[in-house]
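> Okay, handing you the structure first.
The values are calculated or read from the model by the stated rules, or taken from the named source; none is laboratory data. It should be emphasised that the depicted structure is a prediction, and the values quoted were computed from it without experimental measurement. Heads up, the Cβs are rebuilt from the backbone with ideal geometry, glycines too, and the neighbour counts pull from every protein chain shown.
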Amino acid sequence: MTSNFSIPLIEPWYIAVDIILITACVTAIVLSLLCLIVILLNRQLHTVSNLLVFNSCLCELIFSSVMLAVAGYLCYSDIHQLTVPTPLCAFRGYFGYTTVAAQNWSYLIQAIHRYICVVHHHKRQQTSYHLHICFIVIQWIYCILFPLPLLLIPTQIQYIPANQMCQVPIFHSLQMMYLALCIYLTPVISIIIIYFLLVKYVNKMARQQQQQQHQSTHITLFQARRQLSMLKRIILLIIFLVTCCGPYMSFVLIGFRGTDPYVYHFRIAYIFLDLSVVLVMVAIIYSTNNIRDTLFRSNRILDTSKVPSINTRETLGKH
């Protein structure tokens, strides 16, 4: 699968960009693995909320691994000055679309969970593990299937020699609109709608509390506001992620206008995309209190365990 782009010479700055991409991907993989291990090894973190965080971290891990494979191939091709696609090139593009969509849809599942915990908190069946596992399964089935036509239909995912990767060309307006709708617009707009619905519900509960000063209503209102604050963090995460993906979207908009974008547009867009994954993982660790407290507590335990050993050596030296 080839495109109409002319094959360029290998630029000297390619290797520096490849190193940045590989470093960002490896960092994101380490952070996501750290979160996954913390959740798995601590029984206290085996809750529905942390199950959804686990799913998001798993999405970040798989996405970072796919991006690492892309960056590794870029680096290998740049060093050896290769301009011919490999048989797995189209599959890397397909898995890239699948995993980035899974990442965004995992945030939508978290938003749905926050809404259910507030509006339907009295219905245990709707806040159970089984329901949210079904959500996760549906999410992955959807993310695997929606880009499949682009992989099966020839000339949809094309090799772009200037960027040495397989992507849907930005000049294919219909296909790019389809990807933007499935990957970004649907989950992001849905999260925003859930946020406004939850704000409306919390304000309604606040008015009811003013009319009826009941302790049970006060507790429910406190829980609702707590879930709303957690949803705000998810929205801020989405805003941050969309902002980091701004260069990619700007190149897509340029392609919609029929204007030739910068020849290395995908390489530039991938720098921001890979760096955004690292920052998103840092934000997940910082905003998830249970994981953050567990990590800090583990560090304190390690620090205190080292102190007695030093003191013991000093006392042995005195004797």
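> Please indicate, with yes or no, whether at least one residue in segment 80-102 is modelled with pLDDT under 90 and touching an Asp or Glu at 6+ places or on another chain (Cβ under 8 Å).
No; the residues of segment 80-102 include none that is modelled with pLDDT under 90 and touching an Asp or Glu at 6+ places or on another chain (Cβ under 8 Å).
> Now, a different point. Give the residues of segment 117-135 that are at pLDDT 85 or above and touching a Leu at 6+ places or on another chain (Cβ under 8 Å), sorted by residue number.
Residues satisfying the conditions are His132, Ile133.
> Looking at Leu74, Leu82, Leu45, Leu88, which is the one that is over 18 Å from the mean Cα position of the chain (by Cα), touching a residue at least 40 places away in the same chain (Cβ under 8 Å) and over 28 Å from Val282 (Cβ atoms)?
Exactly one residue qualifies, and that residue is Leu82.
> Also: Tally up the residues in segment 48-60 that are under 16 Å from His113 (Cα atoms) and either touching a strand residue (DSSP E or B) at 6+ places or on another chain (Cβ under 7 Å) or touching a residue at least 40 places away in the same chain (Cβ under 8 Å) (or both), please.
Total meeting the criteria: 8.
> Evaluate the following for Leu40: is it at pLDDT 90 or above and closer than 30 Å to His113 by Cβ?
In short, yes.
> Could you list, in sequence order, the residues of segment 148-172 that are in contact (Cβ under 8 Å) with a residue 60 or more places away in the chain, more than 30 Å from Pro12 (Cα to Cα) and within 25 Å of the chain's Cα centre (by Cα)?
Matches in segment 148-172: Leu151 only.
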